[in-house]
1. Over 32 Å between Cα atoms, which of Lys38/Lys66; Lys28/Lys62; Lys2/Lys56 qualify?
2. Charges only on Cβ, +1 for Lys and Arg, -1 for Asp and Glu: so what's the dipole of the range 5-97 about the Cα centre, in debye to the nearest 20?
3. Among Asn94, Leu11, Leu114, which residue has its Cα furthest toward the positive end of the charge dipole of the range 1-156, with +1 on Lys/Arg Cβ and -1 on Asp/Glu Cβ?
4. Going by alpha carbons, how many degrees (0 to 90, nearest 10) lie between the helix axis of 162-196 and the longest principal axis of the chain?
5. Using the Karplus equation 6.51 cos²θ - 1.76 cosθ + 1.60 (θ = phi - 60°), what ³J(HN,Hα) coupling, rounded to whole Hz, does each residue of the range 32-46 give in order, writing x for Gly and Pro?
6. For Ile186 and Phe153, FRET efficiency with R0 = 35 Å and r from the beta-carbon atoms, rounded to 0.05?
7. Treating only the Cβ of Lys, Arg, Asp and Glu as charged (+1, +1, -1, -1), what charge dipole size does the chain show about its Cα centre? Round to the nearest 20 debye.
8. With percent of Cα pairs over 21 Å apart defined as stated, name the option among (1) 63; (2) 51; (3) 79 computed from the structure displayed.
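Laboratory data are not the source of any read-out in this text; all were calculated from the coordinates shown. From a predicted model like this one, the values you see are computed outputs, not experimental measurements. Reconstructed Cβ throughout: ideal geometry from the backbone, glycine too, with neighbour counts over all protein chains shown.
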Amino acid sequence: MKVTPEITEVLLSFAKEKKVYLEGNILKILKAEEGDTKFQKYLDICKEKDTTSRRKRLEVTKQVQKQNKDLVTKQKENDSLMEELQSALEEAKNAEWEADKLRQEAEKGKEQALEDLELVQKKTQFELIGKIVTVALWVILGVGLITTLLFAFTLVTGEENPILESTWSNLFGILLTNSFSIIGTIMGVKYATEKDN
């Protein structure tokens with residue numbers, strides 16, 4: 001397609017003054033008049049600039065596509081990492097839950113062991129108290145029996161022994177007082193341990 005001289009002048013003036021050149025597919029159909037070297041040179045410059053511009057746009061497009069591809073790859077990696085992180089968090093929560101459960105079971109076991117220990121201690125204390133009471137009663141009975149036999153022997157023989165008489169009466173008073181003291185102490189200990197519980 002040939003261009004009129006007026007349009008040619010306008011295009012050349014735009015190129016000279018404003019550095020604006022034609023681009024695109026229109027350059028394929030425009031032709032200069034024979035002998036119009038000025039417009040032919042303009043068309044050659046336009047085609048060169050169009051080729052350069054297209055090459056730059058193509059490079060930018062390729063760069064954008066490469067960046068998009070990299071972004072897609074990075075997004076996939078991020079998604080994978082997020083899934084792994086979520087899985088790790090869930091495992092950590094499960095582990096913490098298990099640890100809490102084990103801690104509670106350990107505390108229950110400790111409480112049970114303390115209760116068992118306290119029960120064994122009380123049982124041992126009561127057994128010890130029972131043995132003390134039994135031995136004390138045997139001692140009281142033995143001393144009382146021996147003193148009574150000695151006092152009866154002096155009565156049968158007819159000999160008066162004021163020391164034995166006073167010992168006999170004092171001994172029974174002391175034994176009676178001590179037996180009540182032992183029983184009171186035992187009852188006090190029993191009452192104190194029951195009150196603590």
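1. Lys38/Lys66
2. The calculation lands at about 640 debye.
3. Leu11
4. That helix lies at roughly 20 degrees to the long axis.
5. 7, 5, 4, x, 8, 6, 5, 6, 5, 5, 4, 5, 5, 4, 4
6. The calculated FRET efficiency here is 0.50.
7. With Lys and Arg at +1 and Asp and Glu at -1, about 2260 debye.
8. Of the listed options (1) 63; (2) 51; (3) 79, (3) comes from this structure.
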